[in-house]
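Working notes, structure below.
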Amino acid sequence: MAFMSFDTFLYAKTDLRVLTIKEIILEKKENFFYKIKAKKDKLNSYDESFIYSDKNPDIFKENDEIIISNLGKKIILFNNYSNNYNNFKKAKKIHLLNFAFLCFLNIFFIILAILNHFNMLNCFLILLGFLLLTMNLINLLLLNKQIYILQNYSQEKIKYFLEEKLKNS
């Protein structure tokens, strides 16, 4: 189950990269698993590879120029400028499902606490649930901010920003 992954809680640690795809390895299991190898250029000084999973087999092609937001080697968000395709709706849907799941879980814990006269375990579960819900809400807001940036800024502006970031570091 994709919505049970804890990667969405670590969303604040994502990186933004501009890549030109050198090679794609596509595997078919339940979904299509892409292993994308990036070309070396001034923004990507290493032979890096990233993974992405989707039901669509035609998302990436060789020599596509994409902007990704990645967590380690996993692609969280991407905007494929060559195909004019992105995964913004899918990412929002996964985050909203996680948020809804945590809301229902907190409601369940609150009902249990009421039925058990607010014993210590139920209060702990409520606090833990609110902590996870708050983290998910923050990550959902960060996701919306990154989607806004990737949708509204041109590819050249993002490249310029990343080049300046490399010069300053």
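Odds and ends about this structure:
- Residue-normalised accessible area of the range 57-169, expressed per residue, 1.4 Å probe, Å²: 63 Å²
- The charge dipole of the chain, taken about the Cα centre with unit charges on the Cβ atoms of Lys, Arg (+1) and Asp, Glu (-1), comes to about 80 debye, rounded to the nearest 20.
- Per-residue accessible area (protein heavy atoms, 1.4 Å probe) orders S69, S154 as S154, S69, starting from the largest.
- Listed cross-link partners K35/K74; K40/K167; K29/K92; K39/K165; K61/K92; K40/K89 are compared with a 21 Å cut-off, the Cα-Cα value being larger for K29/K92; K61/K92; K40/K89.
- Reduced Cα scattering model of the range 60-169, Debye log10 I(q)/I(0), q = 0.09, 0.14, 0.16 Å⁻¹: -0.39, -0.70, -0.81
The values are calculated or read from the model by the stated rules, or taken from the named source; none is laboratory data. None of the values given here were measured: they were computed from a predicted structure. Counting neighbours? That spans all protein chains shown, and the Cβs are built from the backbone with ideal geometry, glycine included. These accessible areas exclude ligands, DNA and RNA; they are computed on the full protein's heavy atoms, side chains included. Shrake-Rupley method; radii C 1.70, N 1.55, O 1.52, S 1.80 Å.
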